[in-house]
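FYI, it's all coordinate maths here, none of it is from the lab. Everything numeric in this text was worked out from a predicted model, so none of it was measured. Positions of Cβ are generated from backbone atoms using ideal geometry, with glycine treated the same way; all protein chains shown enter the neighbour counts.
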Amino acid sequence: MLWSDPPDEPPEELRRAQDMLRRAGTVLAVATLTLMVLLSLRP
């Protein structure tokens, strides 16, 4: 690793896309759990 090497951090656009994907996955997981609970509570 040389001092002149560029930093290893991803570009801003990629970081934003990863955040959106993570948020979408979390929302999908919560929605799935809520749906499963609601379906299991039905008689």
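Structure notes:
- If you go through the range 1-19 and keep only what is surrounded by 10 or more Cβ atoms within 10 Å (Cβ to Cβ) and part of a helix (DSSP H, G or I), you end up with L14, R15, R16, A17, Q18, D19.
- Test for L39: is it surrounded by 10 or more Cβ atoms within 10 Å (Cβ to Cβ) and part of a helix (DSSP H, G or I): no
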